[in-house]
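Notes follow once the structure below has been shown.
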Amino acid sequence: MADDVVLEAVNIVKHYGSVEALRGASFSATAGEVVALIGDNGAGKSTLVKCMVGAEQPTSGLIRFEGRDVHFDSPTEARTVGIETVYQDLAVAPELDPAANLFLGRELRRPGILGMLGMLDKARMRQRAVKEFDRLGITLQSMDVPIGSLSGGQRQSVAVARSVVWASKVVFMDEPTAALGVVQRERVLDVIRRVRDEGIAVVLISHNMPEVLAVSDRVEVLRLGRRVARFRAADATLEDLVGAMTGALTHEDAA
Ligand SMILES: Nc1ncnc2c1ncn2[C@@H]1O[C@H](COP(=O)(O)OP(=O)(O)O)[C@@H](O)[C@H]1O
Ligand SMILES: [Mg+2]
């Protein structure tokens, strides 16, 4: 594979009691690409992502980040090196404005006196938020209203932006478009492309195969807890993907 692999999972085994969720799964993500991680329900996609971001600890196997073996104790630790996750529920705080949502848990403060926590620096957060939404191609009706009053699509865009803005290396998106209508989905796909074009590795988990083929550069397929195929999206057909997911086709070494 390309030499700018940024994050890699090698032979990950994960047991939950007697359940073998992963049985030697491998995966790699390269800077500046969208790589889709696909597989049938129960194939192990979410578990593999959790192992890569430190939300779960593998039973065995290695995680490598920028060529070095790493061990993340928690997603918070993975975040410190620029690895972010967009969760399926796309949680936002509806009563807060867009800027406050973007900075939720990472609020900027003015310097405090005598070692005390300073006041929230709302102006600086607002300024930065405007810049980041612009960079991601997200247009909002208003920056001054609780985001609960924005349209569903705008709300989802803010939810996605909340993780994406902080990702400097890798962003995992587990079914980010699952609950969205066509227009909202297109907005999220646009954000994904922009982030990729900035040189970040985007890992997309999706059940929507046309979407996978439309937005991905590469596809890796999990089946029964193992990687069974890799494709360049440009060379793959729907039949290839479905065949690999269901076990009709296997060519782990083809790509
Ligand atoms: N916390 C857990 N406890 C027990 N079994 C689990 C847990 N999480 C996942 N599994 C099992 O591991 C397998 C892989 O699950 P998952 O990673 O969620 O697959 P996917 O995301 O591809 O649908 C499934 O058989 C699932 O039931
Ligand atoms: Mg899952």
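Some notes on this structure:
- For the chain, lysine pairs with C-alpha atoms less than 29 angstrom apart, excluding pairs fewer than eight positions apart on the same chain, total 8.
- Added length on full extension, which subtracts the Cα-Cα distance from 0.36 nm per residue, residue 71 to residue 108: 10.5 nm
- An ellipsoid equivalent to segment 93-166, defined through the eigenvalues of its Cα gyration tensor, has semi-axes of 24, 12, 10 Å when rounded to whole angstrom and sorted largest first.
- Considering only 242, 19, 191, the Gaussian network model of the chain with Cα springs below 10 Å gives its largest mean-square fluctuation to 19.
- At 0.890 mPa s and 25 °C, Stokes diffusion of the chain via Kirkwood alpha-carbon radius, µm² per second: 129 µm²/s
- Springs between Cα atoms under 10 Å define the GNM used for the chain, and in it the highest mean-square fluctuation of 41, 11, 101 occurs at 41.
- Most mobile listed residue (114, 62, 222) in the chain, GNM with C-alpha springs under 10 Å: 114
- Whole-Å distance, taken between Cα centres, linking segment 160-203 and segment 39-80: 19 Å
Where a number appears in this text, it was derived from the coordinates with a stated rule and is not lab data. None of these values were measured; they are calculated from a predicted model.
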